[in-house]
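The values are calculated or read from the model by the stated rules, or taken from the named source; none is laboratory data. Keep in mind that what you see is a predicted model, and the values were worked out from it rather than measured. Cβ: placed from backbone, ideal geometry, glycine included. Neighbour counts: every protein chain shown.
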Amino acid sequence: MGIEQKMGNMGIATTTLEQAVAWSRTNAMWPMLFGLACCAIEMMSAQAAHYDMSRFGMELMRPSPRQSDLMIVAGRVSRKMAPVLRRLYDQMPEPKWVIAMGDCASCGGVFNNYAIMQGVDEVVPVDVYVAGCPPRPEALIHGVLTLYEKVQGMKFAEMKK
Amino acid sequence: MDKKLQPVVEQLEKELGCTVSETRGLVSLSVPAEKIVAACQQVKDLGFALLSAMTAVDYWPEENPRFHVIYQFTSVSGNMVLGLRVPLPGLNPSLPTISHIYRNANWRERELWDMFGIKFQGHPDLRRILMPADWEGHPLRKDYPLGYEEPQFTFNFDEINLRKPYAKE
Amino acid sequence: MPDVQEITVDDLKHLVSERAIQGETVLLNMGPQHPSTHGVLRLLLELDGEIVVSCIPDIGFLHTGIEKNMEAKTYQKAEVMTDRLDYLNTVGNILAYSLAVEKLVDLDVPPRAQVIRVILTELQRFSSHLVWLGTSALDLAAMSMFLYCFREREQILDILEMCSGQRMMTTYIRPGGLWRDVPVEFEAAVRDILKTFPRRIDEYEALLTRNPLMLDRTYGIGKLTAEECLNFGVTGPMLRASGVKWDLRKDRPYSGYEQYDFEVPTRSEGDVYARYLVRLEEMRQSLRIVGQALNKLPMGAVRSNNFKFVPPQRSEIGVSMEALIHHFKLWTEGFNAPRGFVYTAVESPRGELGVYLESNGGPKPYRIHWRTPSFDNLQSLPLMSRGVLVADLVAIIGSVDIVLGDVDR
């Protein structure tokens, strides 16, 4: 009792290591530029000044997979693009997360035919699905915040090796 | 028919011996396959500098003719539009290339090869353009299936779920 | 799952120069995922140091099979797929489709609907040019332009959302007119845009037009002569920047464009800077057209009365038996279009957007082909990029203004 009060007065915060690591991960998660089609335009709008995603830590969009930890698959993935997607996902360092933005990335969307992959979860494991065609920037931000909640709830034992 | 287009059409009709038809304001000439290069050269000399569109239609299950290749030309200087139609049989359809006359026919012919299987003799680089290089089949043909996935309703959710390829990690 | 396609020099022997095979020049893959390719475009560059010897585009990474998919849906259900082709010009796409269907079945469009179509198409052209300006300036490292352009775009998207409920994929224009009438706030919002946007375009000009960095990077780069443009089938602002005054709105007018007084900006140099100036001037002319159209907006219906092809008003269904039957037939079977084919073309922000629609008498389009402008515009890229530096190539790709949904369909 006494020591918590004293330390609080002195301006020291205590926490668990997992919480500290999760806090630091969510506060500066850099997405990889993976805009494919129409959802990419809404992703750019979400990054622009009106619906600013930098407030949530996504200050930059890194084109290189080696320097990013979140892949927002925005748009329809065709059969020709699928191996490229997988290769880029493999090049990202751990820990990494994937948001499937839009209907085409979640489930194939409007296009139920030979050319489009019915959901990007056929090639990469997805953490958050954001519905919409295209989803509003606010919906994308909601998806990002949902991902943050998921990351903050993750324990070290669950992290992929 | 447009007044300016009339002499052009008459000259082409005389030189190539093709049939003229006009539907909904669009004039199109039906040209046999062996005369297409001469026709395109003539059309270009008559002032139609722009190849607007080049596409094909598949009339399966009719075998002869099965494909109709359609060329659309625009004359910028004379403000005229003209179309050509070439009927092709279903077995080994092929046409001579016009990519030396109109440069944008290069990719258009590659697209027709990819989507319909129509070969273009003399094309410098005939390979697939829209589908992956090792794809089999020609998607826009009528006997090629759409390839759709069965929608998951509640009654068949689980059995489709087992078949779907999910990435585990 | 197939692995990434490895393309070796041997496969492309006929396309690259001799020096690549000997190993003197480097074959670099500017891959499908790249910040400057404006989408999933793969370029195989043959580089001699920093100079591009040849550039081979590899497209098809966004091929969606829209043409085949539309053959499987009725005319009404296929409207949904039209927005997703050129996703920066959604209103223009469905305008082209509606004009084609109207020509095929001989459907009339009331004048109020024509005027509102023109207003929305020109606003869409403005917003498409804003995205072009923002992203190509971003490629040249003028980052604030990106933020300014998207701020303006939000206002236009607000108007589209006000009319149709959706920001981008509106499907607001239908064959026979519009989906429904515009709300009361529409006119005030458009007038607000007409008042504030000309000053914003002046701001962009002040930032970029006489900027020495912009001139260094874009003046004299990527020249195309008029004859080369026409030979490659290039249309739109690229053609007009090379000196050919060809604009489908003026030369082959549709949807009432002959009533409006506007200029078609042309320049003769044909380089990246000329295309920038042409598009900037087009933005001003779009506002001029919107102002004229808004002043002459007539009252009246926004949908045709021909209920064999156009659904009746929802309010009529409870009252009139014929309306109910028409609605039922349209939603269950669709309408049967007469046999024949049409080819209609509209002027999209990128060039000539054409629709070839053929019907065999059934309720579904037998063959629909989209003549998309970016497919032909991109064919001129190898010619423009001979002997330029890689940094110039980025500026050239930005000036072509490709949208990969347009290229790959």
(message) Under 7 Å between Cβ atoms, which residue pairs at least 6 apart in sequence (or on different chains) link something in segment C:32-52 that is farther than 30 Å from A:M43 by Cα with a partner that is part of a loop (DSSP other than H, G, I, E, B) and among the β-branched types (V, I, T)?
(response) C:E46/C:V16; C:E46/C:T25; C:L47/C:T25; C:D48/C:T25; C:V52/C:V388
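Kindly indicate whether any position in segment B:147-160 is part of a loop (DSSP other than H, G, I, E, B), over 18 Å from A:N112 (Cα atoms) and within 14 Å of chain A (Cβ to nearest Cβ).
Kept after step one, since they are part of a loop (DSSP other than H, G, I, E, B), are these residues of segment B:147-160: B:147-156.
Now narrow it down to the ones that are over 18 Å from A:N112 (Cα atoms): B:154-155.
If we keep only those that are within 14 Å of chain A (Cβ to nearest Cβ) too, we end up with none.
The answer is no, given that none of the residues of segment B:147-160 is part of a loop (DSSP other than H, G, I, E, B), over 18 Å from A:N112 (Cα atoms) and within 14 Å of chain A (Cβ to nearest Cβ).
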(request) Scan segment C:220-234 and report the pairs whose first residue is part of a helix (DSSP H, G or I) and whose second residue is among the β-branched types (V, I, T) and surrounded by fewer than 24 Cβ atoms within 10 Å (Cβ to Cβ), with Cβ atoms within less than 8 Å and a gap of 6+ or a chain change. (result) C:A226/C:V244; C:C229/C:V244; C:L230/B:V76; C:L230/C:V244
(request) Please enumerate the residues belonging to segment B:1-32 that are surrounded by fewer than 17 Cβ atoms within 10 Å (Cβ to Cβ) and of a type in the set (G, A, S). (result) B:G17, B:S21, B:G25, B:S30
(message) For segment C:261-272, check the following and say yes or no: at least one residue is at pLDDT 90 or above and assigned to a helix (DSSP H, G or I).
(response) yes
(request) Kindly indicate the residue of segment B:50-80 that is surrounded by 21 or more Cβ atoms within 10 Å (Cβ to Cβ) and over 27 Å from B:R141 (Cβ atoms) and also farthest from the other protein chains (Cβ to nearest Cβ) among those meeting that condition. (result) B:T74
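Restrict the check to segment C:385-395 and report whether at least one residue is part of a loop (DSSP other than H, G, I, E, B) and under 24 Å from C:L178 (Cα atoms). Before you say what the answer is, go through the steps one by one.
First, pick out the residues of segment C:385-395 that are part of a loop (DSSP other than H, G, I, E, B): C:385-388.
Applying the additional criterion that residues be under 24 Å from C:L178 (Cα atoms) yields none.
Taking every residue of segment C:385-395 in turn, none turns out to be part of a loop (DSSP other than H, G, I, E, B) and under 24 Å from C:L178 (Cα atoms).
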(request) Output the residues belonging to segment B:80-100 that are among the charged types (D, E, K, R) and more than 14 Å from the chain's Cα centre (by Cα). (result) none
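For the structure I just gave you, tell me whether C:D106 is under 25 Å from C:F307 (Cβ atoms) and within 14 Å of another protein chain (Cβ to nearest Cβ). Steps first, answer last, please.
On the way: under 25 Å from C:F307 (Cβ atoms): yes; within 14 Å of another protein chain (Cβ to nearest Cβ): yes.
When the stated conditions are applied, C:D106 passes them.
Mind checking which residues of segment A:35-66 are among the polar types (S, T, N, Q), more than 23 Å from A:G109 (Cβ to Cβ) and over 14 Å from the mean Cα position of the chain (by Cα)? Walk me through it before giving the result.
Of all residues in segment A:35-66, those among the polar types (S, T, N, Q) come to A:45, A:47, A:54, A:64.
After this cut, where a residue has to be more than 23 Å from A:G109 (Cβ to Cβ) as well, the list is A:54, A:64.
The one that is among the polar types (S, T, N, Q), more than 23 Å from A:G109 (Cβ to Cβ) and over 14 Å from the mean Cα position of the chain (by Cα): A:S64.
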(message) Considering only residues that are touching an Asp or Glu at 6+ places or on another chain (Cβ under 7 Å) and part of a helix (DSSP H, G or I), which ones fall in segment C:149-188?
(response) C:M162
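Within segment C:351-361, is there a residue that is more than 24 Å from C:R409 (Cα to Cα) and at pLDDT below 90? It would help to see each step written out before you state the result.
First pass over segment C:351-361, keeping only residues more than 24 Å from C:R409 (Cα to Cα): C:361.
If we keep only those that are at pLDDT below 90 as well, we get C:361.
Yes, the conditions are met somewhere in segment C:351-361.
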(request) Please verify whether segment B:104-121 includes one or more residues that are of a type in the set (A, V, I, L, M, F, W, C), touching an Asp or Glu at 6+ places or on another chain (Cβ under 6 Å) and at pLDDT below 85. (result) no
(request) Could you list, in sequence order, all residues of segment C:357-398 that are of a type in the set (S, T, Y) and under 21 Å from C:D139 (Cα atoms)? (result) C:S374, C:S380, C:S385
(request) Select, from C:P365, C:P382, the only residue that is in a loop (DSSP other than H, G, I, E, B), farther than 18 Å from A:A37 by Cβ and within 14 Å of chain B (Cβ to nearest Cβ). (result) C:P365
